[in-house]
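Single-structure report; data block below.
Derivation of every value follows stated rules applied to the coordinates shown; laboratory data play no part. Quick caveat, the model's predicted, so the values are computed rather than measured. All Cβ positions, glycine included, derive from the backbone under ideal geometry; neighbour counts span all protein chains shown.
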Amino acid sequence: MNLLKGRSARAAAGFAAAAVVLFAVAPLMLSDFRLGLLAKYLCTAMVAVGICLAWGRGGLLTLGQGVFFGLGGYAMAMHLKIADAGPGNLPDFMQLYGTATELPWWWQPFANPLFAIAATVLLPMTVAALLGLFIFRRRVKGAYFAILSQALAAAFAIWLIGQQATTGGTNGLTDIQGFFGYSLDDPVNQRMVYFVIAAVLLLLIALARQLIQSRYGELLVAVRDSEERVRFLGYDPANVKLVAYVVAAGMAGLAGALFVPAVGIISPALIGIVPSIEFVIGAAVGGRASLAGAVLGAVAVAWAKTALSEEFPAAWTYFQGLLFIVALAFLPGGLASLAVYVRRRRAPKAPEQKAPVVPVGEAA
């Protein structure tokens with residue numbers, strides 16, 4: 001009981017400290033430009049929360065999170081482009097690339113803001129549910145699951161590029177100017193978007209922690225460590241893994257939806273194989289088994305990408321790969337494992353107890 005209270009107290013203190021940093025310190029210390037970059041980094045941290053649940057706890061190496069990130073991002077961007085165009089008008093890129101005189105049928109529902117907001121989460125979760133049922137029911141796991149998820153990301157990016165008249169092709173959906181009636185050119189509104197992203201990130205962390213601390217979280221770890229034993233006990237491992245996969249997809253979709261107003265663009269280059277791997281790198285460097293580690297790792301890797309690309313435009317990807325290799329080679333548990341290592345080193349060692357000396361006669 002005392003252990004649970006101690007964990008709850010530490011978690012509450014961590015949330016309070018994170019809230020102070022995100023809502024008070026960062027807006028005061030950072031310029032509008034740097035705060036906008038931080039908003040983008042926090043979106044990648046949302047994806048890392050889902051990866052921590054699916055990979056860190058469930059052992060599902062999700063190399064296709066870019067698909068769900070893109071589904072949420074495009075769903076939001078489609079609505080915002082329709083709103084920017086005005087009633088009865090086509091988005092600017094359709095007038096430039098296409099010959100249509102009205103919105104495509106599959107664009108029309110996204111004119112409704114409630115439908116668009118719901119689609120940013122439900123669409124990725126639906127796709128993940130259909131894909132997960134097919135994969136997990138056939139007991140596909142390990143490297144095969146990772147390859148399939150990565151192939152899905154590549155296929156989705158290629159499809160988007162080929163639909164230039166309706167998705168913007170390689171350029172994607174760009175020049176997004178408004179966010180539900182608020183102009184994104186106004187720095188005040190940009191700060192509002194940042195605060196929304198920070199609040200959603202904290203809510204997702206709380207949701208993931210609740211799942212991890214629940215009985216389902218224990219069952220997910222059991223499936224990761226010994227799937228056959230869980231099946232023998234009467235549980236279906238496919239359903240257990242499916243829940244984690246679908247929840248992680250919903251978090252990635254929500255992150256993509258908030259990424260659009262923060263950056264003003266969504267394109268195939270942001271959702272393909274490379275971005276999907278970068279999401280995993282961030283969680284792995286920080287510590288995929290720790291929510292705090294995964295979030296901080298995702299933010300650190302995204303910041304390092306920006307800083308290195310500014311200093312070394314032609315070689316920053318090599319530095320990023322080296323960071324990943326060094327982290328996994330020397331800290332398989334990520335940077336979060338440093339705290340555990342330091343705690344063990346500082347813990348007082350129990351005195352060794354010598355076996356009592358028994359006289360020979362009594363021993364006989």
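Brief remarks follow.
- The ranking of 62, 174, 101 from fewest to most other beta carbons within 10 Å of each one's beta carbon is 101, 174, 62.
- Total lysine pairs whose alpha carbons fall under 26 Å of each other in the chain (8 or more apart, or interchain): 4
- Binned Cα-Cα distance frequencies in the chain - 20 Å width, integer %: 27, 54, 15, 3, 1, 0
- Values of log10 I(q)/I(0), in the order q = 0.16, 0.27 Å⁻¹, for the range 174-236 under a Debye, Cα-only, solvent-free model: -0.66, -1.04
- Candidates per trypsin sites (Lys or Arg not before Pro) in the range 87-193, loop by DSSP, up to 15 other Cβ within 10 Å: 138, 139
- Whole-Å distance, taken between Cα centres, linking the range 54-86 and the range 148-211: 6 Å
- For residue 174, net neighbour charge (Lys/Arg +1, Asp/Glu -1) across residues whose Cβ lies under 10 Å away: -1
- Shape parameters for the range 227-288, alpha-carbon atoms, Rg then Dmax in Å: 16.1, 50
- Kyte-Doolittle mean at least -1.0, axial Cα span of 24 Å or more - DSSP H helices of the chain: 2-20, 32-51, 65-85, 113-137, 143-162, 187-213, 237-263, 291-311
- The relative contact order of the chain, computed from alpha carbon pairs under 8 Å that lie at least 6 residues apart in sequence, is 30 percent.
- For the range 97-188, the set of chymotrypsin sites (Phe, Trp or Tyr not before Pro) satisfying both a DSSP loop assignment and a count of at most 13 other C-beta atoms within 10 Å is given as 105, 106, 180.
- The H on the amide N of residue 179, modeled in the peptide plane, is under 5 Å from the matching H of 184, each at least 5 residues off or on a different chain.
- Summary of packing: across the peptides 308-320, 260-272, 235-247, the per-residue average of other C-beta atoms within 10 Å ranks them, highest first, as 260-272, 235-247, 308-320.
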